Amino acid sequence: MSLWILLAALWVALAVDRWWGEPAPRWHPVVWMGHYLVATGRRIAPGAPTEGVDWRAFWAGGLAWSLGLLGVLLAANLVMALISQLPGWGQALVLGLALKPMLAWRMLASEVTAVEAALAVSLDAGRARLAQLVSRDVSQLSAPEVRESAIESLAENLNDSVVAPLFWFVLLGLPGAAAYRFANTADAMWGYRGLRGGRYWTWAGKWAARADDVLSWLPARLTAVAIAVMAGGLSPRVLAREAQRTPSPNGGWPMAAMALALGVCLRKPGAYRLNEPGREARPQDMQSACILASKVVVALALSTSFALVLIAKKGSL
């Protein structure tokens, strides 16, 4: 498949995301991935903590993860084989439609702005809306902390839901984007320490968590750099220092970049404080964060397109 088709498909996916958003759940590949992970998760994760290393749960999690990935890759490659039978314009259109469910910028932005809209009604409404976006306990958060948590989610998911899927799409095509989306979804559902949903995930979810760490390592740093550039430049030394304050090897990078760019302190009570000298998040910061993230999406799409054009032209010489 030519680079020109990949380029056209990328813009088709972004256009569909911008104008139509997510497909219905019954047609959404990521929802299908979630159904698989829920069904297998009940079988691999024990209902109570075990003493020492639980190798049975670890290897069961690794096997279930690997089988799920294999299924995703087979499905993606089947789609690619079917697409290859179409004319060039048809390949670009169908590939773009297949890529769209692997990224979710419109949904992410709307969920974050909905938190601020709910806060305008009441603190309890804001907390309830935030609970649909994050997994942490929101019951004791103040209004600024609700905003900070929503901004953190926006920054982290800017990588998970947009930058990383496009990164792997450019490198490995639709199978690469689908594989990343499966790994990220598995981490979101299995990658926990301790009890969650009546299951003990410390060992059963470790494989999924580590796989996502590996696949997100470079995209997360690219996302942070893009935020820094769109914000007019940030100190690399300060950015690296702040990013290391979180337990996640990747999530801290885009979150720290966003905190520094907005001049706010982003806190997770009992865990970390990013840009501690920064002020509390205000209502206008939610909009500023979304605008900055939108600029990152457009800038990365344009720079990726430029790189693909250069590679295609060089290959045609």
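Exactly one residue out of L63, L70, L82 is of a type outside the set (S, T, N, Q), in a helix (DSSP H, G or I), without any contact (Cβ under 8 Å) to a residue 40 or more places away in the chain and within 17 Å of G176 (Cβ to Cβ), and it is L70.
Going by what's in this entry, would L130 be described as more than 14 Å from D285 (Cβ to Cβ) and part of a loop (DSSP other than H, G, I, E, B)? No, not satisfied.
Residues of the range 41-48 include at least one that is of a type in the set (G, A, S), assigned to a helix (DSSP H, G or I) and in contact (Cβ under 8 Å) with a residue 24 or more places away in the chain. Enumerate the pairs (first residue in the range 281-300 and surrounded by 15 or more Cβ atoms within 10 Å (Cβ to Cβ); second residue anywhere and part of a helix (DSSP H, G or I) and basic (K, R)) with beta-carbon separation below 7 Å, excluding pairs fewer than 6 apart on the same chain, so at least 6 apart or on different chains. Here the result reads A281/R147; D285/R147; M286/R147, each pair linking the range 281-300 to a residue that is part of a helix (DSSP H, G or I) and basic (K, R).
A289 passes every criterion in (1) farther than 26 Å from N184 by Cα; (2) in contact with a helix residue (DSSP H, G or I) (Cβ under 8 Å, 6 or more places away or on another chain) apart from (1). Taking the criterion of being in a strand (DSSP E or B) and either under 16 Å from the mean Cα position of the chain (by Cα) or among the basic types (K, R) (or both), the residues of the range 245-268 that qualify are R267, K268. Might you check whether a residue that is at pLDDT below 95, more than 21 Å from the chain's Cα centre (by Cα), outside any helix (DSSP H, G or I) and not small (G, A, S) occurs anywhere in the range 1-10? Yes - at least one qualifying residue is present in the range 1-10.
Considering only the range 49-60, state which residues are in a helix (DSSP H, G or I) and without any contact (Cβ under 8 Å) to a residue 60 or more places away in the chain.
Within the range 49-60, R56, W59 qualify.
Tally up the residues in the range 188-221 that are in a helix (DSSP H, G or I), touching a residue at least 60 places away in the same chain (Cβ under 8 Å) and hydrophobic (A, V, I, L, M, F, W, C), please.
Matching residues across the range 188-221 total 6.
When you check R181 against the structure, is it surrounded by fewer than 20 Cβ atoms within 10 Å (Cβ to Cβ) and under 24 Å from W11 (Cα atoms), yes or no? The answer is no for R181.
Take the conditions (1) touching an Asp or Glu at 6+ places or on another chain (Cβ under 7 Å); (2) surrounded by fewer than 15 Cβ atoms within 10 Å (Cβ to Cβ); (3) under 21 Å from G191 (Cα atoms); M107 misses just one of them, which is (3).
Scanning the range 24-57 for residues that are surrounded by 13 or more Cβ atoms within 10 Å (Cβ to Cβ) and modelled with pLDDT under 95 yields a total of 8.
Is it the case that some residue within the range 194-211 is of a type outside the set (V, I, T), out of contact with any Leu (no Cβ under 8 Å at 6 or more places or on another chain) and within 25 Å of K295 (Cβ to Cβ)? No, there is no match, as no residue in the range 194-211 is of a type outside the set (V, I, T), out of contact with any Leu (no Cβ under 8 Å at 6 or more places or on another chain) and within 25 Å of K295 (Cβ to Cβ). All conditions in (1) part of a helix (DSSP H, G or I); (2) under 17 Å from the mean Cα position of the chain (by Cα) hold for E22, with the sole exception of (1).
The values are calculated or read from the model by the stated rules, or taken from the named source; none is laboratory data. Values in this document were obtained by computation on a predicted structure and should not be read as measured data. FYI the Cβ positions are ideal-geometry reconstructions off the backbone, even for glycines, and counts take in every protein chain you see.
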